[in-house]
Amino acid sequence: RPHEKLDVWKKAIDMVTLVYEITKQFPSDKDFGLVSQIRRAAVSIPANIAEGAARQTDREFNQFLSIAQGSASELETELLISRNLGYVNSEDFDLVYYEINTIARMIIGLSKTVRSRISQ
């Protein structure tokens, strides 16, 4: 399982746990769809990293890293909406926002490494 060696995958797994804990605090009677979307976007990040790492070629791996990057942007957007609606407090938002951006930068770095292998 090559993904288990990747620090970005490990960090993304921890971030998913954090997202689930934070979304447990959302109002239970409102916006279940938003909670579901947030959780799916969060899970998509490590899932796509893992799937890409298991692929046969670096080109395929890079495509899955791109999808993971898109999921990070989606998650960031959904959390901003949640903060604006008052569903997540500033402290929790700042914590997750920092983690998302750290993971996004790690994905970019890994993608650059993978692309350099493709070019060779």
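So what's the back-of-envelope 222 nm ellipticity for the chain, counting only DSSP H runs of four-plus at -39500 (n - 2.57) apiece and dividing by all residues, rounded to 500? Display every interim value, and only then the final one.
On the way: 4 runs with 96 residues, N = 120.
That comes out to -28000 deg cm²/dmol.
Measure nothing but the geometry: give the 0 to 90° angle between the long axis through the Cα atoms of 32-53 and the longest principal axis through the Cα atoms of the chain, rounded to 10°. Approximately 10 degrees, to the nearest ten.
When each of the peptides 52-62, 8-18 is scored by the mean number of other C-beta atoms lying within 10 Å of its residues, the order from highest to lowest reads 8-18, 52-62. Find the relative contact order for the chain and round it to a whole percent, using C-alpha pairs within less than 8 Å whose residues are 6+ positions apart. With pairs under 8 Å counted, the relative contact order is 30 percent.
Comparing Leu110, Leu75, Leu65 in a Gaussian network model of the chain, where Cα atoms under 10 Å apart are tied by springs, the biggest mean-square fluctuation is seen for Leu110.
Specify whether the C-alpha gyration tensor of segment 23-89 places it in the rounded, prolate or oblate class, a ≥ b ≥ c being the square roots of the eigenvalues: rounded for a/c under 1.5, otherwise prolate if a/b is larger than b/c and oblate if not. It comes out prolate by the Cα gyration axes. For an R0 of 30 angstrom, estimate the FRET efficiency from the Cβ-Cβ distance between Ala54 and Glu76 and round to the nearest 0.05. Given R0 = 30 Å and the Cβ-Cβ separation, E is 0.70.
For segment 59-68, 3J(HN,Hα) computed residue by residue from phi via the Karplus equation (6.51, -1.76, 1.60; θ = phi - 60°) reads 4, 5, 4, 4, 4, 5, 5, 5, 5, 4 Hz, glycine and proline entered as x. The structure-derived value of Kirkwood radius over Cα pairs in Å appears in the list [x] 16.5; [y] 14.6; [z] 15.8 under the label [y]. Note on Asn101 and Lys5: the extension gain reaches 32.5 nm, defined as 0.36 nm multiplied by sequence separation minus the Cα-Cα distance. Couplings 3J(HN,Hα) for segment 107-120, derived from phi with the Karplus relation 6.51 cos²θ - 1.76 cosθ + 1.60 (θ = phi - 60°), are 5, 4, x, 5, 4, 4, 4, 5, 5, 5, 5, 5, 5, 6 Hz, where x marks Gly and Pro.
Straight-line reach from Lys5: taking Cα to Cα under 15 Å and skipping same-chain neighbours fewer than 8 places apart, the aspartates and glutamates in range are Asp14, Glu51.
A short reminder: the numbers here are calculations on the coordinates, not readings from a lab. Quick caveat, the model's predicted, so the values are computed rather than measured. Cβ: placed from backbone, ideal geometry, glycine included. Neighbour counts: every protein chain shown.
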